[in-house]
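Data first, discussion second: the structure below is written as structure tokens.
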Amino acid sequence: MFEIVTIKQNVRVPPQLWRKDIKRSVKGALKELEGNLSKSHGILLTVTNVKKVDEGKILPGDGAVYFPTVFDALVFKPELNEVVDGEVGDMAEFGAFVRIGALEGLIHVSQISDDFFSYSKEGVVQGKQSKKVLKVWDKIRARIISISYKAEPAKLGLTMRQPGLGKWEWLEELEKNDKK
């Protein structure tokens, strides 16, 4: 889920980012946090507003200044059972790796469809009965069924074995058939 959150954190501002306007200096230092993951907030995509910067402190042996800061940020925090759209970035014998914004998820071959899917030398997986094909660059809709914060970045387990999920072309085809 994408959301704007307010975060309170000490921000390290190295000397090369110091400016007369402290908020601009802190915002420049916060750029370094973009793409980082925290369990509590998710992936920080961008800082939208620096609300408050308190007096900074210098730690011995470190030339940077640490400022207690309150800021707003746009984050993506995946949630279990959330439905997400993504793009297949890579295929493997065991499934498809899907890019979902700043994260990557895996759809195991057993979670592609109710059909039996197998990997071919051409780098695609194909259904035994349906002959449906899933390959790199395909757009998909899936549900998050597991989240692992142990890996950096977080890894998502995905499924497309439910109604309303799958490759976009398959969903469009189903919709056309339902209208007939």
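Brief remarks on what is shown
- Total residues in the range 101-156, condition hydrophobic (A, V, I, L, M, F, W, C), in a loop (DSSP other than H, G, I, E, B) and free of Cβ contacts under 8 Å to residues at least 12 places away in the same chain: 1
- Hits in the range 6-41 - residues which are part of a loop (DSSP other than H, G, I, E, B) and closer than 25 Å to Tyr149 by Cα: Glu34, Gly35, Asn36, Lys39, Ser40, His41
- Single residue of Leu44, Leu37 found to be buried (at least 18 other Cβ atoms within 10 Å of the Cβ) and in contact (Cβ under 8 Å) with a residue 60 or more places away in the chain: Leu37
- Selection of the range 13-48 for residues being in contact with an Asp or Glu (Cβ under 8 Å, 6 or more places away or on another chain) and modelled with pLDDT of 85 or more yields Leu44, Leu45, Thr46, Val47, Thr48.
- Selected residue (criterion: surrounded by the fewest Cβ atoms within 10 Å (Cβ to Cβ)) from residues of the range 47-70 that are over 21 Å from Ala102 (Cα atoms), touching a residue at least 12 places away in the same chain (Cβ under 8 Å) and among the hydrophobic types (A, V, I, L, M, F, W, C): Val70
The values are calculated or read from the model by the stated rules, or taken from the named source; none is laboratory data. Because the structure is predicted, anything quoted here is derived from the model rather than measured. Cβ coordinates were reconstructed from backbone atoms using ideal geometry, including for glycine residues, and neighbour counts include every protein chain displayed.
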